[in-house]
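Colleague: Have a look at the structure that comes next, please.
The values are calculated or read from the model by the stated rules, or taken from the named source; none is laboratory data. Worth saying up front: this structure is predicted, and the values here are computed from it rather than measured. Here the Cβ positions follow ideal geometry from the backbone for every residue, glycine too, while neighbour counts run over all protein chains shown.
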Amino acid sequence: MYFSFENDFEKKKFVSLLEQHQLNIDYLHYMHNILLDNQSFDNPLFIEELKKEEPLKKREKLIESLLKKYPTDSNFITNNILWDCHFLSIDEYLFNPYLQVLKSISFNEKEWTLKQEKIPSYNLFVNDDKYASGSNMTLKPSFGFFDEPFFCPTIFLENNKLMRLTPLKIKTMQIPIMVAKGKVLILGMGLGYFAYMTSLKENVKEVHIVENNSDLINLFYKYFLPLFPFKEKIYIHKADAFLFAEKIKDHDYDFIFSNLWNEPSEGLTAYLSLRRKFDFFTYTKRYYWLESSIISCLRLLVIDVMSDEFYQIEDDYDEIKSQIKHSLQPLVLKNTYDLDALLNIKGLFKTMLTK
């Protein structure tokens, strides 16, 4: 990649983007450490105090306590926590129909276990997609907390958490569930949430699920499918999702939902692979879980590589960053228009989907 800025102003704008990029990274690391400490606010005395407060005061005191426990000298982090943490009504989630029916089952077969995993009162969790805002691509994640414990149905494989139904999944799947119609294809079974919710819809005629794990399929047939009011709509295909996707043609399905990852960072390669396959479709609607967060993750990697190029830093890259570096090689950055064209969604896809 080459840098040939038209003037000092354009160069300063680019440097400002790189500075904001570092703030974004620092903020993500800071919040990641808090989320890993899942006992952060499980203090009975603290909880009793908070329960007496009004919702806005609860949020204010929670953030105040958080900043005391995890001190930071970054004004950017302090200011963003105030905007990005939200007190949520647990009722919106507790009465979800699939959560209600899952209360009736549990299992412990071979190395597979289904149990309820607790999110303690006033513990932060990711509750929505993240996105970038403004010319400097300020990252805007979203975190939530409840004022009472929330229990997530969770499947463990040999004591390793494999998948769970979280408030994040319930919220971020609302729109694709609303949009899904006709003949629906789901890549990745998960806990069956998307299949259950779409099968309830009158305008959904068939729900096809692609899953490659035989044990998970057997567990689904034994424990989950009996909970479905419209079992006749469900079709299971035992197959590798990517090999299955290679055979799909436009019009084969009315709607495709890709659900093959638990985190945006781990879904990036799979997402790009599926986009290369499905972007030529004109009829079939496609939806990728956590797409906005995955795009934000991709943009962070692109800016990372640009920063290394600008400051002439040599680094060992993984496959994705190596591909980014290769794609950026012929580009010349002159001004903010070039920068915007590269970092907007169309520009990112042009960089990563063209081989």
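Colleague: Would you mind stating whether residue 313 is among the hydrophobic types (A, V, I, L, M, F, W, C) and touching a His at 6+ places or on another chain (Cβ under 6 Å)?
Modeller: Against the criterion (among the hydrophobic types (A, V, I, L, M, F, W, C) and touching a His at 6+ places or on another chain (Cβ under 6 Å)), residue 313 does not qualify.
Colleague: Is one or more of the residues making up segment 35-56 in contact (Cβ under 8 Å) with a residue 24 or more places away in the chain, aromatic (Phe, Trp, Tyr), outside any helix (DSSP H, G or I) and on the phi < 0 side of the Ramachandran plot?
Modeller: yes
Colleague: Any chance you could count how many residues in segment 104-123 are surrounded by fewer than 11 Cβ atoms within 10 Å (Cβ to Cβ) and either without any contact (Cβ under 8 Å) to a residue 12 or more places away in the chain or within 30 Å of residue 20 (Cα to Cα) (or both)?
Modeller: Matching residues across segment 104-123 total 1.
Colleague: May I ask you to list the residues in segment 306-355 that are in contact (Cβ under 8 Å) with a residue 40 or more places away in the chain and among the hydroxyl-bearing types (Ser, Thr, Tyr)?
Modeller: Hits for segment 306-355 are 307, 336, 351.
Colleague: With respect to residue 50, is the statement that it is touching a helix residue (DSSP H, G or I) at 6+ places or on another chain (Cβ under 9 Å), among the aliphatic types (A, V, I, L, M), surrounded by 12 or more Cβ atoms within 10 Å (Cβ to Cβ) and within 19 Å of residue 136 (Cβ to Cβ) true?
Modeller: no
Colleague: Which of the residues spanning segment 196-231 are within 18 Å of residue 289 (Cα to Cα) and either among the aromatic types (Phe, Trp, Tyr) or touching a His at 6+ places or on another chain (Cβ under 9 Å) (or both)?
Modeller: 196, 208, 209, 210, 211 - these are the residues of segment 196-231 that are within 18 Å of residue 289 (Cα to Cα) and either among the aromatic types (Phe, Trp, Tyr) or touching a His at 6+ places or on another chain (Cβ under 9 Å) (or both).
Colleague: Being without any contact (Cβ under 8 Å) to a residue 24 or more places away in the chain, assigned by TED's automatic domain parsing to the domain that holds residue 116 and in contact with a helix residue (DSSP H, G or I) (Cβ under 9 Å, 6 or more places away or on another chain) is true for just one of 157, 139, 162. Which residue is that?
Modeller: 162
Colleague: Further, regarding this structure: For residue 178, state whether it is on the phi < 0 side of the Ramachandran plot, hydrophobic (A, V, I, L, M, F, W, C), surrounded by 15 or more Cβ atoms within 10 Å (Cβ to Cβ) and modelled with pLDDT of 95 or more.
Modeller: The answer is no for residue 178.
Colleague: Mind checking which residues of segment 83-127 are β-branched (Val, Ile, Thr), within 15 Å of residue 154 (Cβ to Cβ) and at pLDDT 95 or above?
Modeller: 113
Colleague: Does segment 40-53 contain any residue that is touching a Pro at 6+ places or on another chain (Cβ under 8 Å) and in the same structural domain as residue 152 (by TED's automatic domain parsing)?
Modeller: Looking through segment 40-53, at least one residue is touching a Pro at 6+ places or on another chain (Cβ under 8 Å) and in the same structural domain as residue 152 (by TED's automatic domain parsing).
Colleague: Every residue in segment 75-125 that is assigned to a strand (DSSP E or B) and over 30 Å from residue 30 (Cα atoms), please.
Modeller: Answer for segment 75-125, where residues must be assigned to a strand (DSSP E or B) and over 30 Å from residue 30 (Cα atoms): 107, 108, 109, 112, 113, 114.
Colleague: Hey, another quick one. Just a yes or no: is a residue in segment 136-148 among the aliphatic types (A, V, I, L, M), surrounded by 18 or more Cβ atoms within 10 Å (Cβ to Cβ) and farther than 30 Å from residue 11 by Cβ?
Modeller: Step one: list which residues in segment 136-148 are among the aliphatic types (A, V, I, L, M), which gives 137, 139.
From the residues that got through so far, the ones that are surrounded by 18 or more Cβ atoms within 10 Å (Cβ to Cβ) too are 137, 139.
Filter again for farther than 30 Å from residue 11 by Cβ, leaving none.
Checked segment 136-148: no residue is among the aliphatic types (A, V, I, L, M), surrounded by 18 or more Cβ atoms within 10 Å (Cβ to Cβ) and farther than 30 Å from residue 11 by Cβ.
Colleague: Which of the residues spanning segment 330-347 are out of contact with any Phe, Trp or Tyr (no Cβ under 9 Å at 6 or more places or on another chain) and surrounded by fewer than 18 Cβ atoms within 10 Å (Cβ to Cβ)?
Modeller: Selection gives 337, 340, 341, 344, 345, 346, 347.
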